[in-house]
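Reading through the structure tokens given below for one structure.
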Amino acid sequence: MAHTKYIFVTGGVTSSLGKGIISASLAKLLQARGFSVTIQKLDPYINIDPGTLNPYEHGECYVTEDGAETDLDLGHYERFLNKFTSQSNNVTTGRIYQSVINKERRGDFLGKTVQIIPHITDEIKRRIKLLGTKNRFDFVITEIGGTVGDIESLPYIESVRQLKWELGKDALNIHLTLVPYLNASGELKTKPTQHSVKMLLETGVQPDILVLRTEHPLTKDIRKKVALFCNVDINSVIESIDVSTIYEVPILMKKEKLDETVLLKLGLQSKLQPELKAWKDFLKRLSNPIRTVRIGLVGKYVELADAYKSIIESFVHAGAVNRVKVELELVHSEKLTMDNYVDELKGLDGILIAPGFGPRGIEGKIYAAKFARENNIPFLGICLGMQCAVIEFARNVMNLQDANSTEMKRTSSVPVIDIMEEQKKVTDKGGTMRLGAYPCRLKKKTNAHEAYQRNTIQERHRHRYEFNNNYLEDFEKAGMIATGINPETGLVEIVEIPKHKWFVGVQFHPEYKSTVLNPHPIFVNFVKATLS
Ligand code: GLN
């Protein structure tokens, strides 16, 4: 395509309307028509990235192949598009200001007053356009975090206004709002949408397409009314009704002709119909499970499912492959004690211990690993989950009572998990962990090798502590072996207990790489193991 087309997705009325899913669904439809598409998330908060945020704030921190700590929406983009994203796909206000201030210190603006307009908005626009031109994408879909009217979103909306003016036919705004249903009067209400569009108009942006989130179908009259009040044509009023799985949304958007309307507005033609066969096959398997399995997800953030988004989605993908419905039992690790862990965990078909940081809930995770090991229950430990399985094995099989991670007990006399050498001098918290993709060599005839069917893999990391290789020989003698090793550093990446039915601990995060079209082999085989 001659020019990259830019689509800006904004939201109004409330947060959590699913801008990320709408963006990913539109991207999927355009991709399925043969276009190259990427999605970018602009987050209006001042942190440089979400790496330093507690998951209670914004949910999981998603890690890309190049080691960027990013918003969880990037996980949706990868899961839908089956394409890697990178640091350039997630920009925060903190990052924008940091680069403008660095330029100011260098003297790039010498003599000038540095201001939100034009300096901050120029930096925002530069980052949006760069993504398109650098990789020659046909479409860049930019999702603006937050809700129209928020003070912190203003520079982004202003940038959208300027870009729409500069790019003309090559840019478009999709505004997502809520149409609430009032039970008492039995009616859908359009007023919040009208107000939200007014607010957008006040900042100089006329939305081109409105996507209305609703619990009930929109009547023709509702669509007409919204079109009339908001200066859009009726075909540009798109219904986004609640569905049982986010993976249905591309199909719904296709029915509502969102992709066709976008192409029409941008003056593009596509004779191809979206090719969604594999996607539909996945949906068919997803909605026709033959069996149900119950897997315990043990973590300390279970009150907020978003904290484990990628893990939960990985089970959806792996469940569909195995034709089973994976029912996740969210188990709060802080509530597991010596006295209750057997009762709390019995009856589960599999146990997963989640990643995490710090000592809160750690002993509960160790009980969960013990229960899985002793009862031959398929087990997957991810990052801290793997480290807990190692500590448990040392304490209860090798009889090393003081075994611990130095993250939890600095003075442990048996530091089976210890800080990585290169981490010892690190003092800054932000962006300083071992991050992103590293290679790992797999041992043959192991669960890992059987899952991947390959000798070398690449997986994403986010940690400071590691398996302490001084103890490796003792572990292997006692029955826990290293089945995946980083070929360059010798770091243990995977541990297994060969005598157990299926017991795998991984130092990396397989959940970041599971997609609809490429379900992650570790999750697929974990779920498979729970079936027998
Ligand atoms: N806290 C552990 C470490 O830093 C595990 C991190 C994680 O689970 N992502 O090594």
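In square nanometres and to one decimal, what's the mean projected area of the convex hull around the Cα atoms of segment 151-307?
Averaged projected hull area, Cα only: 13.8 nm².
From the backbone phi of segment 187-197, what are the Karplus-calculated ³J(HN,Hα) couplings (6.51 cos²θ - 1.76 cosθ + 1.60, θ = phi - 60°) in whole Hz, Gly and Pro given as x?
The phi angles translate into 10, 8, 10, 9, 4, x, 5, 4, 5, 5, 5 Hz.
Can you give me the pair-distance distribution of segment 261-356, C-alpha pairs, 10 Å bins, whole percents?
14, 32, 24, 15, 10, 4, 1
What does the helix-only formula give at 222 nm for the chain: each DSSP H stretch with n ≥ 4 adding -39500 (n - 2.57), the total divided by the residues, and the result rounded to the nearest 500 deg cm²/dmol?
-10500 deg cm²/dmol
Take the alpha carbon atoms of segment 387-416, find their center, do the same for segment 344-376, and report the distance between the two centers in whole angstrom.
Taking the Cα centre of segment 344-376 as reference, the centre of segment 387-416 is 15 Å away.
With +1 on each Lys and Arg Cβ and -1 on each Asp and Glu Cβ, how big is the dipole of segment 300-449 about its Cα centre, in debye rounded to the nearest 20?
620
Pop out the ³J(HN,Hα) list for segment 483-494 in order, Karplus 6.51 cos²θ - 1.76 cosθ + 1.60 with θ = phi - 60°, rounded to Hz; leave Gly and Pro as x.
Once rounded to whole Hz, the list reads 10, x, 10, 6, x, 8, 10, x, 4, 6, 10, 9.
Within the P(r) computed for segment 345-502, what percentage of the Cα pairs occupies the region above 26 Å?
Every Cα pair in segment 345-502 considered, those over 26 Å come to 23 percent.
Among 25-34, 264-273, 339-348, how do they line up by average Cβ neighbours within 10 Å per residue, starting with the highest?
Going from most to least packed, we get 25-34, 339-348, 264-273.
If you take the charge dipole of the chain about its Cα centre, with +1 on Lys and Arg Cβ and -1 on Asp and Glu Cβ, which of ALA227, PRO155, THR489 is farthest toward its positive end?
The listed residue farthest towards the positive side: ALA227.
Accessible area per residue for segment 172-229 in Å², computed with a 1.4 Å probe and the full protein assembly in place, what is it?
Spelled out: the 1.4 Å probe surface of segment 172-229, per residue, equals 50 Å².
Give the ranking of VAL414, VAL397 by solvent-accessible surface, highest area first, calculated with a 1.4 Å probe.
VAL397, VAL414
Output the antiparallel fraction of DSSP beta bridges having both residues in the chain, as a percent to the nearest 5.
Close to 30 percent.
Hey, got the Cα dimensions of the chain along the principal axes, in Å, largest first?
Result for the chain: principal-axis Cα extents of 73, 63, 45 Å.
With a probe of 1.4 Å, find how much accessible area segment 16-101 has per residue, and write the answer as a whole number in Å².
Here the residues of segment 16-101 average 28 Å² of exposed surface.
Any of LYS5/LYS224; LYS19/LYS284; LYS370/LYS477; LYS5/LYS277; LYS41/LYS191; LYS309/LYS346 with alpha carbons more than 21 Å apart? Name them for me.
Where the Cα-Cα span goes over 21 Å, the pairs concerned are LYS5/LYS224; LYS19/LYS284; LYS5/LYS277; LYS41/LYS191; LYS309/LYS346.
Given a 1.4 angstrom probe, what's the average accessible area per residue across segment 298-356, in square angstrom?
Dividing the accessible area of segment 298-356 by its residue count gives 40 Å².
Take the solvent-accessible surface of the protein heavy atoms, probe 1.4 Å, and return the percent of it on the chain that carbon and sulfur atoms account for.
Reported share for carbon and sulfur atoms: 51 percent.
The values are calculated or read from the model by the stated rules, or taken from the named source; none is laboratory data. For clarity, every value in this text was computed on a predicted model and none was experimentally measured. Cβ: placed from backbone, ideal geometry, glycine included. Neighbour counts: every protein chain shown. To get the accessible areas, we keep the full protein, side chains included, count just its heavy atoms, and leave off ligands, DNA and RNA. Shrake-Rupley method; radii C 1.70, N 1.55, O 1.52, S 1.80 Å.
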